[in-house]
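Everything on this sheet refers to the single structure shown next.
Derivation of every value follows stated rules applied to the coordinates shown; laboratory data play no part. Because the structure is a prediction, the values reported are computed rather than measured. All Cβ positions, even for glycine, are placed from backbone atoms using ideal geometry, and neighbour counts span all protein chains on display.
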Amino acid sequence: MPRIALFALVLLLVQPSAQAENTTAATSIPQAAIAVANGLRERALKDEVAYDLVEGLTTEIGPRLAGGENDQKARDWMVAKFKALGFDKVWTEPVSYPKWVRRSETAAITEPYAQPLVVTALGYSAGTPAGGLEAEVIAFDSLQALKDAADYLVKGKIVYVGIPRMHALVDGRDYGTGSAVRVLGPELAAAKGAAAFLLRSVGSDNNRLAHTGMTRFSDPAKAIPAAALSNPDADLLDAVLKRGKPVKLHLALDCGLDGTYTGANVIAEITGSERPNEYFLTGGHLDSWDLGTGALDDAAGIGITTAAAHLIGQLPNRPARSIRVVAFANEESGLYGGRAYAAQHHLQIGKAILGAESDAGADRIVKVTATVKPEARAAIGQIAAALAPLGIEYDAEAPGSGGSDLSAVHAVGMAGLSLRQDTTRYFDWHHTANDTLDKIDLEQLRQNVAAYAVAMYLAAEAKGNFGSAAGAFAEQKDEH
């Protein structure tokens, strides 16, 4: 899932620490390593491990709502798979977070024209009173319009923000605008006295399926019911509102917070041959939303990165540094796994030489970007050259945090590599009941595995480092 605002607290805790080597020295990759990486790339294009992992996780476990009934099952499954694939070390690190539960959700227009609506509650939404609530709808076309509205106009009403429908784009750039409304809108509406909040789903599809996702309330005691309408139902509500008559809507959400839950990041490592305490950091998030089976978001990321590391582990000779794969806990509701990892490992952040997480589905990687020290830019160019046969372009000017969970680790000083996927199809199914195994394209999945295997191996074999150090990239602007 794409990056949200990072936490400043961990960054403030960062203290200078001894790094593995001089961060201002030039970095390069030996030609012998490039030859090995070329072979890895070709083997990955025929590999079945990633698909088997995605198929197994979605079939044997299914939806993996953080703190839900499948949370522990998924972690146990992941530990077993890492061990079966021959990783040298497998362990877990605890991650605690608020537990949110969803039980049921319904909505309907009651006046002036009775119409059922397809909705889904947003993560951290409050529930409605038993039996639901009914109120007049007040509509806005943007978050700014809601901000500008007088409180008395909003009080007691259901706020509806009819954001423009997302476009299906390779880089998915529309998602940032829509997700900001989803994350920030409900709390803003609550502060103005709204009874509930609705928005058009943040998705590029025409399916009558709503897209869930998290929202945020600084004070959970002040949370209000918040939900997303499917795109066709948002169109329907827009059409009714255009008639100019008062519109009333009935909303019933049975959901809400249920204490605190302690899960875990599941971590596995292929041990390096010369500098085993330094590592390339990779992975995906193990949790998913509960509507589908989480195949694209993010069983695919788990499968891609685990399979790539497994291929490296099968080589006759291990790379100089280790490869560390993390199945992160609860990314969906606030990067909890990534933040916990950053908090636990920030004093040794220089050991994480470079990081790249997979969390944008399973379609082809089309671009690579990076944030590294200037002296490592040539080495990134070497990695990019090895990725070029896979159809991956290199943008040397754009930053790279490493991915959603790794954005938290990058914030405390890890150098980041972003392997950017084609998201043209992704936001049709993202956070919906349609996030299922049939959306996985095997050939595109294999291309991802090949890209990660090449990048991991070459970084692990690099002579010199990529600039990871406490606070190294604190001045970087958010890549989103």
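Please report Ile34, Ile312 as a ranked list, fewest other C-beta atoms within 10 angstrom at the top and most at the bottom.
Numbers: Ile34 17, Ile312 23.
Exposure proxy ranking, most exposed first: Ile34, Ile312.
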Determine ³J(HN,Hα), in whole Hz, for all residues of region 91-96 in sequence, where each value follows from phi through the Karplus function 6.51 cos²θ - 1.76 cosθ + 1.60 and θ = phi - 60°; x replaces Gly and Pro. 7, 10, 10, x, 9, 10
To the nearest 0.05, how large is the calculated FRET efficiency for Gln348 and Asp258 if R₀ is 56 Å and r is the Cβ-Cβ distance? 0.95
Charge dipole of region 100-259 built from unit charges on the beta carbon (Lys, Arg +1; Asp, Glu -1), centred at mean Cα; most positive-end Cα among Tyr152, Ala234, Gly193 is Tyr152
So what is the calculated 222 nm ellipticity per residue for the chain, using -39500 (n - 2.57) for each DSSP H run with n of 4 or more, over all residues, to the nearest 500 deg cm²/dmol? -9000 deg cm²/dmol
I'd like the distance separating the alpha-carbon centroids of region 406-454 and region 102-128, in whole Å. 31
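Within a 10 angstrom radius of the beta carbon, how do Thr58, Thr369 rank from fewest other beta carbons to most? Write out the running numbers ahead of the final one.
Values: Thr58 25, Thr369 21.
Lowest count first: Thr369, Thr58.
Over the chain, what is the mean sequence separation of C-alpha contacts under 8 Å (at least six apart), divided by residue count, expressed as relative contact order in percent?
Numbers: 1220 pairs, mean separation 124.1, N = 480.
Here the relative contact order equals 26 percent.
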Counting only other residues whose beta carbon sits under 13 Å from that of Ala329, what net charge do I get with K and R as +1, D and E as -1? -3
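Taking only C-alpha pairs under 8 Å that are 6+ residues apart, what is the relative contact order of region 100-259 in percent? Don't jump to the answer; show the numbers that get you there.
Details: 363 pairs, mean separation 65.6, N = 160.
Result for region 100-259 is 41 percent.
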Report the label-to-label distance for Arg103 and Ser28 in nanometres (one decimal), using points 7 Å from each Cα along the Cα→Cβ vector. 6.6
Name the residues whose placed amide hydrogens come within less than 5 Å of the amide hydrogen of His285, ignoring near sequence neighbours (fewer than 5 apart) on the same chain. Ile302, Phe328
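Quick one: of Lys222/Lys248; Lys46/Lys73; Lys147/Lys245, which pairs are farther than 26 Å apart, Cα to Cα? Please list the in-between numbers first.
Details: Lys222/Lys248 23 Å; Lys46/Lys73 30 Å; Lys147/Lys245 24 Å.
Flagged as over cut-off: Lys46/Lys73.
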Sticking to Cα atoms, compute the Rg of region 100-259 to one decimal and its Dmax as the biggest Cα-Cα distance, whole number, in Å. 14.3, 44
Quick note, region 191-347: a/c under 1.5 would make it rounded; otherwise a/b > b/c is prolate and the rest oblate (a ≥ b ≥ c, C-alpha gyration tensor); here it is prolate
Give the value in nm², to one decimal: projected area of the alpha carbon convex hull of region 260-387, averaged over all directions. 9.3
Once both label points are put 7 Å beyond Cα along the C-beta direction, the Lys242-Tyr152 separation in nm becomes 3.2
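Want the number for Lys89 to Glu136: 0.36 nm per residue separation, take away the alpha-carbon distance, what's left? Provide the component values of the computation, followed by the final result.
Numbers: separation 47, 0.36 × 47 = 16.92 nm, distance 5.72 nm.
Between Lys89 and Glu136, full extension yields an extra 11.2 nm.
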Could you pull the Cα extents of region 143-236 along its three principal axes, largest to smallest, in whole Å? 39, 27, 23
Distance between the C-alpha centers of region 271-291 and region 41-95? Whole Å please. 12
[x] 67, 50, 47; [y] 72, 43, 38; [z] 69, 56, 43, with the label sought being that of the calculated Cα extents along the principal axes in Å: [y]
